[in-house]
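The values are calculated or read from the model by the stated rules, or taken from the named source; none is laboratory data. From a predicted model like this one, the values you see are computed outputs, not experimental measurements. Positions of Cβ are backbone-derived with ideal geometry, glycine not excepted, and every protein chain shown enters the neighbour counts.
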Amino acid sequence: MTRTIRILLAAFAATFALAGASAAFAGTVHLADPNCDSFTLTGTAGNQTLNCVVSSPPTCTVQGSSAGSVGTPLTLTAQCSPAATSWAWSGGSCQGAITQICQATSAGAGVVGYSVLGTNANGPGGQSPTLNVTWSTGPPPNPTGCVASIVTNPTTLTNAGGTATVSVSGCSPGTVSYNWSKNGAFGWSASATPAPDSLGVGGTAGYTNTYQVQVCNGISCVVLPAAPLTAFVPGTGGGGGIDLSACTSGGYTGHGVDIAYPTVANATRVFTDKTVGNFGGSDMIVVRFVAALSEGNGSTISAVEYSNFPAAFRLATLSTAPCVVATSGTPSGNVLKAVISQGPILNMALAGGLGVVKLTPGATYYVNYVNRDTYGSSANSCPSSNCAMVIDFNN
């Protein structure tokens, strides 16, 4: 049996600058292919064909895990050299299988041996060494090796619109299911490679979409990555998918904005200020962010007043859900911290110092701002819709 590799040898030698080559490109080319027993050269100078000669049957091994869970398929693969064109499996549920890959299963606990015989044009090779698989009745192991990734188009997003394409690969064992979340809500996609997600066109500055995937093998699941994949359009704008329905039901007009948490510990004002307007008595500014993996010693989020009301009161509530207003200064439920401040600046410490809140890296949080001078009060100190705040992070 032969396999053809067509090479213009003169060009090959010139490209790789063969050691010792003359002006006529004389030299030596070394080729190695585990599927070839030897090579033959045919044709005329300048247009020659290199032929891979396979004169022996394949030698095969069984590749796969030596541990399996009862009721969960286990992927076994025949690796053969030279390459095989057909396969014959032996052992357990693979007995009689004729494909290169066998999905082995077992109905009960115990040790089962699997082997394979490969055949090519030169005939069958010998039976492979046996791979002994220990089947157990315990829960299947967590999927391992999974890598989730994101690509945005354009690479640097703008409020002109774009797409985010996410994917997950490399999971072992190969038989798993996928459940993607978008902005914290699972059920967005069940594919390893969902279709590109549109990020909208126009008016979407400050827009953030986050993605995670739950990978399940039977009853055992993992969620990855720990810090959600993020597609972020910098600037100020409409909140990028923040659910503001709770603001409406609470009698507020919600104004959502996403801010990228500074990723470098102890960095100062690494993110551009966000100007948020319409901060009257019935308005609520909802700031969403994903906690950084590297926390600084004095991380803060600040609301800086730039209206003509320097003595305005503000109530800020740090929570795990949007549109939450603290009814007291004591953390409870999804309220992690609350601060009331009068004056041009309201600072909330997120790390370091007194009143520290330990954020979970990769988790999503909300800071909800309202014009209030006491917890739970309906009073406000800045009734004009012209009141506004500049929101920024220090880490």
**Request:** Looking for whichever is without any contact (Cβ under 8 Å) to a residue 24 or more places away in the chain and over 22 Å from Q63 (Cα atoms) here; the options are T99, T155. Which one fits?
**Result:** T155
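Just give me the residues in region 75-87 being surrounded by fewer than 19 Cβ atoms within 10 Å (Cβ to Cβ) and assigned to a strand (DSSP E or B), in sequence order. Quick ask: steps written out before the conclusion?
Applying the first criterion (surrounded by fewer than 19 Cβ atoms within 10 Å (Cβ to Cβ)) to region 75-87 yields 75, 77, 79, 81, 83, 85-86.
Hits for region 75-87 are T75, T77, Q79, S81, S86.
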**Asked** Of T72, T119, which residue is in a strand (DSSP E or B), out of contact with any Lys or Arg (no Cβ under 8 Å at 6 or more places or on another chain) and of a type outside the set (A, V, I, L, M)?
**Response** T119
**Request:** For residues that are in contact with a Pro (Cβ under 6 Å, 6 or more places away or on another chain) and hydrophobic (A, V, I, L, M, F, W, C), scanning just region 220-244, find the one that is modelled with the lowest pLDDT.
**Result:** I242
**Asked** Is there a residue being crowded, with 20+ Cβ neighbours inside 10 Å, at positive phi and small (G, A, S) anywhere in region 94-110?
**Response** no
**Asked** What do you reckon, is A379 assigned to a loop (DSSP other than H, G, I, E, B), at pLDDT 85 or above and surrounded by fewer than 22 Cβ atoms within 10 Å (Cβ to Cβ)?
**Response** no
**Residue list for region 109-125, restricted to those being among the hydroxyl-bearing types (S, T, Y) and more than 30 Å from T137 (Cβ to Cβ)** = T119
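Take A10 and decide whether it is at pLDDT below 80 and loosely packed, with under 14 Cβ neighbours inside 10 Å.
No, not satisfied.
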**Request:** Please indicate, with yes or no, whether at least one residue in region 151-168 is farther than 26 Å from D243 by Cα and modelled with pLDDT of 85 or more.
**Result:** yes
